[in-house]
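This report concerns only the one structure given below.
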Amino acid sequence: MVDVMMEKAPEKVMWAEKMVYERPAALSDIPTHYCPGCTHGLIHKLIGEVIDELGIRQRTISVSPVGCAVFMYDYFDVDGAEAAHGRAPAMATGIKRVQPDNIVFTYQGDGDMASIGMAEIIWAATRGENITVFFVNNAIYGMTGGQMAPTSLPGQVTGSSPNGRDVEMTGMPIRMAELLAGLPGASYVVRRSVHNIQTIKQAKKAIRTAFQVQMAGAGFALVELLSSCPTNWKMTAADSLTWIKENMVPYYPLGDYKVADVVKTLNNRGK
Amino acid sequence: MAKGRIKVDEAMCKGCELCIMVCPYGLIEMADHFNAKGYKPAVLIDPDQRCTGCTLCAMMCPDAVITVYRETKIKPSPAYA
Ligand SMILES: Cc1ncc(C[n+]2csc(CCOP(=O)(O)OP(=O)(O)O)c2C)c(N)n1
Ligand code: SF4
Ligand code: SF4
Ligand SMILES: [Mg+2]
């Protein structure tokens, strides 16, 4: 605590040291197993901050994916369940329907959601389930060692596309936010990134809105987050952020793809 | 300008260097020693007290291991006035 400088200061100004940022209480003290600089951790932190700010820690239930975030239930100090690969939206549906007062969110990678779990996410959005979904798109299968994902970019070199993704053979990468926004049941579908301070702030606002949609009973909310995988992209953490900006953002434009009228009327949206 | 400082949880830092990138004054460096995980933790080197406690490093840290403090003006309570 830094003390006072008040002697004969006419306006009697005092200075005191205040804590202005600390690790969110909604994160546990367990160190994550994520690689250094991986933005899975950063996205966890933003979700934790929002859970704290909304005061919903006691009633939040996470549904973890299969993928690098498979141990997410350890990293948040909230109740949690672990879904089979891709099935998080189905599990979240069940939990939310029997525990409607709880706030239920899934957190899913691009392999988890956009390949093996495609059916579950499409139908959860179509039914307008009142759940919150975080879709972490790092254009790769991180956990299994860097194979091509449905979201890998054209020409992207991965473990299973050593000559670069050949879109003649595999088709173009899938844009989940655009796809899901087209479903009538979805209330809030946006894409954000976390490659610099500005996009981190925007991502946090969207995460907040996505929880508020559920709290208002306003239906299905999904935030796609462009995220890094320094290990499998074989880059430094800093270069990975540049890679998101220069390569992912042009193909996956940031923006709001669906904001239903019921969401527009929410108070303090994304404040 | 308000003065600030940061505290890095050395044991939890993974030495990713992302905080270095966003400090507007370039006040963060990697230590010479290793933590128990084998990473060189981030340290604030601020002999001229230039840190303002802006929180940008904490916003960027993927492991949420930075705590930020800032000197803030407070109104003296009547007892001191
Ligand atoms: C039924 C089943 N099929 C395949 C796997 C292997 N597998 C584990 S994680 C994963 C993909 C992970 O990629 P993603 O969802 O993008 O998560 P990331 O690790 O990139 O965050 C796969 C295919 C599995 N665990 N279970
Ligand atoms: S493999 Fe990639 S996605 Fe998984 S923790 Fe490491 S950097 Fe993150
Ligand atoms: S951003 Fe966090 S984990 Fe990375 S070096 Fe800085 S303090 Fe350590
Ligand atoms: Mg992935």
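On the stretch given as segment A:92-146, residues that are surrounded by 24 or more Cβ atoms within 10 Å (Cβ to Cβ) and polar (S, T, N, Q) total 5. The strands (runs of 3 or more DSSP E) falling completely within segment B:1-75 that include 2 or more residues that are more than 10 Å from every other protein chain (Cβ to nearest Cβ) and over 10 Å from the mean Cα position of the chain (by Cα) map to B:28-30. Checked against (1) more than 16 Å from ligand 2 (Cβ to nearest atom); (2) within 13 Å of chain B (Cβ to nearest Cβ); (3) buried (at least 20 other Cβ atoms within 10 Å of the Cβ); (4) farther than 17 Å from A:Asn137 by Cβ, A:Gln214 meets all criteria but (2).
Show me the strands (runs of 3 or more DSSP E) found entirely inside segment A:57-128 where at least 3 residues are touching a residue at least 40 places away in the same chain (Cβ under 8 Å) and either within 14 Å of chain B (Cβ to nearest Cβ) or within 16 Å of ligand 2 (Cβ to nearest atom) (or both). Talk me through it step by step, then tell me what you get.
Numbers: elements: A:60-64, A:79-82, A:103-109.
Qualifying strands (runs of 3 or more DSSP E): A:103-109.
With respect to (1) within 16 Å of ligand 2 (Cβ to nearest atom); (2) within 13 Å of chain B (Cβ to nearest Cβ); (3) surrounded by fewer than 21 Cβ atoms within 10 Å (Cβ to Cβ), the lone exception for A:Met14 is condition (1). In this structure, is A:Ser187 in contact with a strand residue (DSSP E or B) (Cβ under 8 Å, 6 or more places away or on another chain), farther than 30 Å from B:Val22 by Cα and hydroxyl-bearing (Ser, Thr, Tyr)? When the stated conditions are applied, A:Ser187 passes them.
For segment A:42-52, state whether one or more residues are of a type in the set (A, V, I, L, M), within 16 Å of ligand 4 (Cβ to nearest atom) and either more than 19 Å from the chain's Cα centre (by Cα) or within 10 Å of chain B (Cβ to nearest Cβ) (or both).
yes
None of the figures in this text is laboratory data; all of them are computed from the coordinates on show. Keep in mind the model is a prediction, meaning the values are calculated, not measured. FYI the Cβ positions are ideal-geometry reconstructions off the backbone, even for glycines, and counts take in every protein chain you see.
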